[in-house]
1. In whole percent, what relative contact order does chain A give with Cα contacts below 8 Å and a gap of six or more residues?
2. Note down the nm distance, to one decimal, between modelled labels 7 Å out along Cα→Cβ at A:ILE146 and at B:ASP20.
3. Rounded, prolate or oblate: pick one for the stretch A:16-134, where a ≥ b ≥ c are the square roots of the eigenvalues of its C-alpha gyration tensor, a/c under 1.5 means rounded, and failing that, prolate if a/b is larger than b/c, else oblate.
4. Averaging over all projection directions, find the projected area of the Cα convex hull of chain A and quote it in nm² with one decimal place.
5. Please list, ordered by chain and number, the residues whose modelled amide H lies under 5 Å from the amide H of A:GLU3; skip anything fewer than 5 residues away on the same chain.
6. Summing -39500 (n - 2.57) over the DSSP H runs of n ≥ 4 in chain A and dividing by its residue number, what mean residue ellipticity at 222 nm do you reach, to the nearest 500 deg cm²/dmol?
7. B:PHE19 accessible area, nearest 10 Å², 1.4 Å probe?
8. Determine the total buried accessible area between chain B and chain A, counting protein heavy atoms only with a 1.4 Å probe; round to the nearest 100 Å².
Amino acid sequence: MSEVIVITSGKGGVGKTTTTANLGVGLAIRGKKVALIDTDTGLRNLDLLLGLERRIVYTLVDVVQKRVGYGQALVRHKKYTDLFLLPTSQVADKTAIDPQEMLTIVQAMRNEFDYILIDCPAGIEQGFQTAVIGADWAIVVTMPEIAAVRDADKIIGKLQSENKNIKLVVNRIRPQMVKDGTMLDMTSIDDILSVDCIGQIPDDEKVVDSANRGIPVVEWKNSAAGSAYRDVVSRVLGEDVPFKPFETEGFFTRLKHVFGH
Amino acid sequence: MSEDIVKLKGSTFGIQLVFDRKVDFSVVKDDIRKKLESGSKFFKRGTVISIEPGILTQSEEDELRKLFHQHAVLFRVEKIESPRIPKRAIMNKSPQPNSDDAYKRARTDNAGQLIKKPSEEQKMMVINRTVRGGQEINSTGSILVIGNVNPGAQIIAGGSIDVRGVCRGLVHAGAYGDSTAFIIADKLMPTQIRIADRIAQPPEDAESPTGAEKASIQNGRIIIETVER
Ligand SMILES: Nc1ncnc2c1ncn2[C@@H]1O[C@H](COP(=O)(O)OP(=O)(O)OP(=O)(O)O)[C@@H](O)[C@H]1O
Ligand SMILES: [Mg+2]
């Protein structure tokens, strides 16, 4: 009964790793047994976001080269004992892991976990096939800007030709810019991509802070992005959660105005 | 053998349905059903069959559409031969010397091997999904897209192109020189339109179309006009 989800994007730096970390921690908080696999070999940083960098002994590359079983390479989270990370190598490159080998590892891990989340490198070059092959469905992360949406469209085309189901997460939304018309709104994004959206994450400084501390915002009670990620977790668990309207600067100024009188 | 109740009249793009208007609709429908079910080549899968507006009532049109759809034939209500008034002409660009010349040359080279038989015009490729950025669809015949054509996608047809959705990509009809080819879309807002060796770019401030439109070459220019579906 395990579910394997790949987190991917067309354009780089839109928040795949952030989404993987938050979804992973969120699912663990909800009592699921979760494994996160970093396939961004050479550029790994999922371990950092989870505060696990110093615990890594073996990596996915060691598992592929049969030096150790995947169980030995898994790093257990300090706080959530049912959350594990299968890190990748900092020194190898993406040719080190062949898609078929990855598929074998993922299939073996299925027996042990409720959710396996795979953090994918950006784009459709090296590493995409490896990351995607074992997944039941895909989360495509994008940002509300034209270039990111166009690249997301290309990735969606590729995933559809691999017969993967796709859900969308739109990250780094700035409500005031959407309101002013300087940032794409959800309707214009859906107009092009027309796939189910399971997350609308606001731009939130706390995400950067959380990366430095190794504690994803999904745990933070006072973070707007954290709250949006908790909703993503619920939707992945199959719950029907409505999208909450964002607070815009306009809203706050109006409040101040009221208090001022 | 009795006279056929329903006849099909061939036109450049798809086929037109004609029948004696005095005959009861149920008889017409029965005849179409029989033809569809006989599995004859009368209606090929993926063909587009159109009828002039005003002949059938809305519910009759819906009934036929459903019937055709069950047999993978597309049915559409469309005025076919009456002249239309151009709605918005768009800027025509003469092909750029370097890149577009190369483009044209490649096409003509290909055209040498593709001597068009009459049947080629009737051949239609049906794409039953949205064509996304980076994807390219090619056919020597016509292409019907049931879905959107997204920015960064390319549709290249020897014949005409029909997009039953929003067309935002690059579309090239009559790519092997057929200047009678045309492009229809529910919402025609492509980055560029090419028909035969003509290239047109919608003006930057083009208003978004409210209904289906058709692009074709008239007097050597690409013209866009509204059409009924
Ligand atoms: N909602 C957000 N608000 C503010 N900053 C964010 C948000 N989401 C991500 N970021 C920041 O954006 C940067 C890129 O995020 P992340 O590393 O998750 O992207 P990625 O898609 O994994 O990148 P890559 O393609 O390089 O793997 C990071 O510095 C991260 O802290
Ligand atoms: Mg990343």
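1. The normalised contact order for chain A reaches 24 percent.
2. Here the modelled spin labels are 5.8 nm apart.
3. Verdict is rounded for the stretch A:16-134.
4. Hull-based average projected area comes out at 14.3 nm².
5. Correct list: A:TYR115, A:ILE116.
6. Using -39500 (n - 2.57) per qualifying helix, the result is -11500 deg cm²/dmol.
7. 40 Å²
8. Details: alone 12010 and 12590 Å², together 23800 Å².
For chain B against chain A, roughly 800 Å² becomes buried.
The values are calculated or read from the model by the stated rules, or taken from the named source; none is laboratory data. Keep in mind that what you see is a predicted model, and the values were worked out from it rather than measured. Ideal geometry is used to build each Cβ from the backbone, glycine not excepted, and the neighbour counts take in all protein chains shown. Please note that ligands, DNA and RNA were not included when accessible areas were found on the heavy atoms of the full protein model with its side chains. Shrake-Rupley method; radii C 1.70, N 1.55, O 1.52, S 1.80 Å.
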